[in-house]
Every structure is written in C-alpha cells, then in structure tokens.
Amino acid sequence: MGALTGKTALVTGASRGIGRGIAERLGRDGARVAVHYGSNGAAAQEAVAAIEAGGGSAFAIGVELGVPGDAERLWEEFDRHADGVDILVNNAGIGTSRPFEEIGEEEYDRLFAVNVKAPHFITRLGARRLRDGGRVVNISSGLARAAVMPELMAYAMTKAALDVLTRDLSKVLGPRGITVNSVAPGIVDTDVNAGWLRTSDEAWRDAAGYSALGRVGTPADIADAVAFLVSQDGRWVTGHWLDATGGSLA
Ligand code: NAP
C-alpha cells in the first residue's frame with residue numbers, strides 16, 4: 001500500500017515535463033491520477049501508460065486552458081472518470097522571454113490567462129469536489145521572489161499572483177483541513193527550456209551554476225517536494241512557498 005492509496009489526484013499539464021514527473025510520483029505513491037494535457041494527447045497517453053506500467057492507475061483529460069470556460073470543461077471531463085478529488089496540482093503554465101519594453105498586450109493577457117486565471121477558476125470550481133483534508137499545490141517559480149532573469153518579468157508576475165492565491169486560499173480552505181502550498185522550481189530540464197539549455201555545453205554549465213548544488217533541476221526533484229506536501233507528513237504545512245530551486249536564491 002502506498003502513502004496515497006485510495007486518493008485521487010488531478011495534475012494539470014501532466015503530459016510532459018514537471019507535471020508528468022509529479023503525476024508519475026503520485027501514481028507510484030498509490031494515487032489514481034488524472035493526467036491533464038492541452039494539445040498533446042499522445043504524450044498524455046504515454047504518461048498514463050508509464051504510471052500503469054509502475055502498477056498505478058491513471059486516466060487522461062484534454063482541455064485547453066487560458067480560454068473562456070476552460071475550468072468548467074476541465075471538471076466536466078474529470079467528472080466523467082472520478083467522483084471527487086483529494087489532490088489538485090495546478091502545474092500547467094507557459095513562459096515568455098521578452099524585455100519589459102517589448103511585451104505586447106496579447107502576450108501579457110495570454111500569460112495571465114493560463115498561469116493565473118486558469119488555476120484560480122480550476123481551484124474555485126474544484127473546491128466543492130475537493131474532499132476535506134485534501135491538498136492543493138500550485139507550481140510557482142523562483143523568479144516570483146528574485147529578479148534573476150528580468151526578461152521573464154511578466155511571467156514572474158504571474159507566479160507572484162499565483163503565490164497570493166496560495167497564501168490567501170490557505171485561510172479559505174483551512175477550516176476544511178485542506179492545505180494550499182506553492183512549490184517554486186528553479187531551472188528544470190524540460191521542453192520549455194530546451195531551446196537554450198540544450199544548445200551548448202556552456203549554456204548547460206551556466207544554468208547549473210545558478211544552483212547551489214551545481215546542477216540543473218529535474219522533474220523528479222520537483223515531484224519529490226510535491227510528494228511531501230501532499231502526504232500525511234505535510235499536514236501542518238499550509239500557505240507556504242517552498243523553494244525547490246536547488247539553492248538558486250541562496
Ligand atoms: P512544459 O514542459 O512546457 O509542459 C507544460 C505542460 O503544461 C504540458 O503538459 C502542456 O500540455 C501543459 N500546458 C501548457 N499550456 C497549456 C494550455 N494553454 N492549456 C492546457 N495545457 C497546457 O513545462 P514545464 O517546464 O514542465 O513547467 C511546468 C510548470 O513549472 C509551469 O507552471 C512552469 O511555469 C513551472 N516552472 C518551470 C520551470 C522550468 O525551468 N522548467 C521553472 C520554474 C517553474 P500539452 O503538452 O498538451 O500542450
């Protein structure tokens with residue numbers, strides 16, 4: 001029996017990267033996992049297959065986020081497969097690297113729609129499905145707390161807003177025994193960074209140099225931090241911002 005046996009988890013953006021790492025870890029811990037994806041159904045099915053190959057249980061739900069009605073559609077899809085949820089991980093997110101002077105309104109609105117509005121309404125509509133004693137984890141970023149990469153300012157602003165959702169929601173859902181926390185990764189080796197991280201040994205070394213531990217983060221590094229917060233061991237931690245940057249902000 002795993003630590004999460006009998007629990008149901010929904011991880012948004014779980015077809016790839018950090019979300020997939022989280023989904024696989026929660027599946028290994030015994031949770032039945034809803035693997036949400038946007039457009040990449042094949043990758044989501046691979047994630048489901050990987051969880052099942054490890055002895056776990058999972059299903060995929062595809063809903064584009066950042067468009068009107070997204071949260072309603074996501075829960076409608078979820079409800080077709082499961083009756084209630086214990087763990088909600090708001091992981092799906094997008095980034096953009098553009099100087100302050102250049103970011104346009106459309107790009108700015110899209111960032112906030114996917115990274116802030118979607119998790120807000122997913123959590124709001126999910127609250128009545130969340131069982132008492134449940135868990136909400138929002139995937140933030142170290143950039144919400146440090147101006148390490150100012151060209152990612154608008155993205156960092158979305159994560160700071162998400163952290164306010166975490167903080168205040170912990171008071172709203174706390175009376176039901178539901179904890180709400182943010183986990184903030186630093187640079188993680190996922191598709192979102194592939195365009196620069198994997199272009200040269202120098203880029204990789206520079207990225208590793210941000211971390212006190214001298215390496216680039218992996219999805220499993222973040223998944224293990226999430227696993228603690230959603231476990232019974234994490235029951236007294238809420239409204240917290242967990243630095244999972246490998247010491248990049250130290
Ligand atoms: P990723 O590899 O690009 O994966 C993003 C995931 O989110 C995919 O499953 C994707 O689904 C889904 N997604 C993206 N936009 C969506 C949309 N509009 N509608 C529905 N689904 C959407 O990203 P990642 O690097 O794993 O990042 C995951 C989270 O960690 C994000 O919130 C990100 O901001 C945060 N983070 C990442 C890093 C890093 O260095 N990687 C650092 C700090 C924080 P499809 O594939 O189906 O499109």
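The values are calculated or read from the model by the stated rules, or taken from the named source; none is laboratory data. Values in this document were obtained by computation on a predicted structure and should not be read as measured data. Cβ atoms come from the backbone with ideal geometry, glycine included; neighbour counts cover every protein chain shown. What goes into the accessible areas is simple: the full protein's heavy atoms, side chains included, and nothing from ligands, DNA or RNA. Shrake-Rupley method; radii C 1.70, N 1.55, O 1.52, S 1.80 Å.
Against the definition (more than 16 Å from residue 139 (Cβ to Cβ) and more than 14 Å from the ligand (Cβ to nearest atom)), how does residue 176 come out, yes or no?
Working: more than 16 Å from residue 139 (Cβ to Cβ): yes; more than 14 Å from the ligand (Cβ to nearest atom): yes.
Taking the combined requirement at face value, the residue satisfies it.
Among the residues of the stretch 182-217, count how many are in contact (Cβ under 8 Å) with a residue 24 or more places away in the chain and either within 10 Å of the ligand (Cβ to nearest atom) or part of a loop (DSSP other than H, G, I, E, B) (or both).
Of the stretch 182-217, the ones in contact (Cβ under 8 Å) with a residue 24 or more places away in the chain are 182-192, 210-213, 215-217.
Filter once more, keeping what is either within 10 Å of the ligand (Cβ to nearest atom) or part of a loop (DSSP other than H, G, I, E, B) (or both): 183-192, 211-213, 215-217.
Here the count works out to 16.
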**OP:** Report whether or not residue 133 is touching a strand residue (DSSP E or B) at 6+ places or on another chain (Cβ under 8 Å), modelled with pLDDT of 95 or more and surrounded by fewer than 18 Cβ atoms within 10 Å (Cβ to Cβ).
**Re:** yes
**OP:** May I ask you to list pairs of residues, at least six apart or on different chains, whose Cβ atoms are under 8 Å apart, with the first in the stretch 4-18 being among the aliphatic types (A, V, I, L, M) and the second being surrounded by fewer than 22 Cβ atoms within 10 Å (Cβ to Cβ) and part of a loop (DSSP other than H, G, I, E, B)?
**Re:** 4/29; 4/30; 4/231; 18/190
Original post:
Within the stretch 1-55, restricting attention to residues that are away from the ligand (no atom under 15 Å from the Cβ) and basic (Lys, Arg), which residue is nearest to residue 235 (Cα to Cα)?
Top reply: 7
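Is it fair to say residue 161 is over 24 Å from residue 208 (Cα atoms), part of a helix (DSSP H, G or I) and touching a Gly at 6+ places or on another chain (Cβ under 8 Å)? Full working, then the answer.
Working: over 24 Å from residue 208 (Cα atoms): yes; part of a helix (DSSP H, G or I): yes; touching a Gly at 6+ places or on another chain (Cβ under 8 Å): no.
Criteria not met by residue 161.
Is it true that residue 89 is part of a strand (DSSP E or B), within 14 Å of the ligand (Cβ to nearest atom), open to solvent by less than 60 Å² (accessible area, probe 1.4 Å) and not hydroxyl-bearing (Ser, Thr, Tyr)?
Details: part of a strand (DSSP E or B): yes; within 14 Å of the ligand (Cβ to nearest atom): yes; open to solvent by less than 60 Å² (accessible area, probe 1.4 Å): yes; not hydroxyl-bearing (Ser, Thr, Tyr): yes.
Yes.
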